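Undergrad: Take this structure first; my questions come after.
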Amino acid sequence: MWSSDRRSFLALAGLAALGACGFTPVYGPGGGGAALTGRVRPAAPDTTDDYILVREIETRLGRAGEGAPLALDYQTSVVEEGMAVTTSNVTTRFNVIGSVAYQLTDARTGLTLHEGRVRSFTSYSATGSTVATQAARRDARERLMVILADLLTTRLYAEAADLPA
């Protein structure tokens, strides 16, 4: 009986602490989600990786038109490293490590509002046929761009309350 009372108390204490620190839901009243939705225009993609990143960002933030008040510039970097090597010196598993350096600016003034870098990795196996390995490689790069888009938009949402209306 005491442990269930303690859990209830801890849950209520946690909620009170969130309220005391100024926590507001991104999409709730007073949250910063409206500051980004449909207002951010990413730079045009140059590579397949960039295309996937922009597609995923637009899925999360909404597609902005030509006159969008916020511009998102980004620089993607992807490196592959062999991780598992057989005794006959054949690499059978690769890590795909990526990062995106980004800068959110006011499209009218050019003033930088937020900048940062997100990093993550994913892996793929190279033990199948050549076609299977190439498909696994493409899939790993696409998964990496989805992860990086998630991290980037989460960072933007975290800063959204401080953006100009």
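The values are calculated or read from the model by the stated rules, or taken from the named source; none is laboratory data. These numbers come from a predicted model, not from an experiment. We place every Cβ from the backbone using ideal geometry, glycine too, and count neighbours over all the protein chains shown.
Results for (1) assigned to a strand (DSSP E or B); (2) at pLDDT 95 or above; (3) touching a Gly at 6+ places or on another chain (Cβ under 8 Å); (4) not assigned by TED's automatic domain parsing to the domain that holds Ala136, shown as yes or no for each residue.
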residue: Val54; (1), (2), (3), (4): no, yes, no, no
residue: Arg60; (1), (2), (3), (4): no, no, no, no
residue: Arg63; (1), (2), (3), (4): no, no, yes, no
residue: Gln75; (1), (2), (3), (4): yes, yes, no, no
residue: Val79; (1), (2), (3), (4): yes, yes, yes, no
residue: Thr92; (1), (2), (3), (4): yes, no, no, no
residue: Val100; (1), (2), (3), (4): yes, yes, no, no
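Undergrad: Provide a single number: the residues in region 60-89 that are in contact (Cβ under 8 Å) with a residue 24 or more places away in the chain and among the β-branched types (Val, Ile, Thr).
TA: Result for region 60-89: 2.
Undergrad: Additional query: Evaluate the following for Tyr157: is it within 19 Å of Pro42 (Cα to Cα), of a type in the set (Phe, Trp, Tyr) and buried (at least 19 other Cβ atoms within 10 Å of the Cβ)? Before the answer, list the steps.
TA: On the way: within 19 Å of Pro42 (Cα to Cα): yes; of a type in the set (Phe, Trp, Tyr): yes; buried (at least 19 other Cβ atoms within 10 Å of the Cβ): yes.
In short, yes.
Undergrad: If I ask for residues that are within 24 Å of Gln134 (Cα to Cα), of a type in the set (D, E, K, R) and surrounded by fewer than 17 Cβ atoms within 10 Å (Cβ to Cβ), which ones from region 56-79 would you list?
TA: Residues of region 56-79 within 24 Å of Gln134 (Cα to Cα): 56, 76-79.
If we keep only those that are of a type in the set (D, E, K, R) too, we end up with 56.
Within region 56-79, none qualify.
Undergrad: Does Ala68 satisfy being among the aliphatic types (A, V, I, L, M), modelled with pLDDT under 95, assigned to a loop (DSSP other than H, G, I, E, B) and over 16 Å from Val146 (Cα atoms)?
TA: Values: among the aliphatic types (A, V, I, L, M): yes; modelled with pLDDT under 95: yes; assigned to a loop (DSSP other than H, G, I, E, B): yes; over 16 Å from Val146 (Cα atoms): yes.
It is true that Ala68 is among the aliphatic types (A, V, I, L, M), modelled with pLDDT under 95, assigned to a loop (DSSP other than H, G, I, E, B) and over 16 Å from Val146 (Cα atoms).
Undergrad: While we're looking at this one, here's another question. Of the residues that make up region 102-112, is at least one among the β-branched types (Val, Ile, Thr), surrounded by 14 or more Cβ atoms within 10 Å (Cβ to Cβ) and touching a residue at least 60 places away in the same chain (Cβ under 8 Å)? Break it down stepwise before answering.
TA: Going through region 102-112, the residues among the β-branched types (Val, Ile, Thr) turn out to be 105, 109, 112.
Restricting the remaining residues to those that are surrounded by 14 or more Cβ atoms within 10 Å (Cβ to Cβ) gives 105.
Now drop any that are not touching a residue at least 60 places away in the same chain (Cβ under 8 Å), which leaves none.
No, region 102-112 has no match at all.
Undergrad: Still on this structure, I have one more. With (1) within 15 Å of the chain's Cα centre (by Cα); (2) of a type in the set (S, T, N, Q); (3) assigned to a loop (DSSP other than H, G, I, E, B) as the list, and Thr127 as the residue in question, which single condition is left unmet?
TA: (1)
Undergrad: When you scan region 127-149, do you find a residue that is closer than 23 Å to Pro69 by Cβ, crowded, with 17+ Cβ neighbours inside 10 Å and modelled with pLDDT of 95 or more, even just one? So that I can check it myself, show each step before the final result.
TA: So in region 127-149, the residues closer than 23 Å to Pro69 by Cβ come out as 149.
With crowded, with 17+ Cβ neighbours inside 10 Å added as a condition, the list becomes 149.
From the residues that got through so far, the ones that are modelled with pLDDT of 95 or more too are 149.
Among the residues of region 127-149, at least one is closer than 23 Å to Pro69 by Cβ, crowded, with 17+ Cβ neighbours inside 10 Å and modelled with pLDDT of 95 or more, which makes the answer yes.
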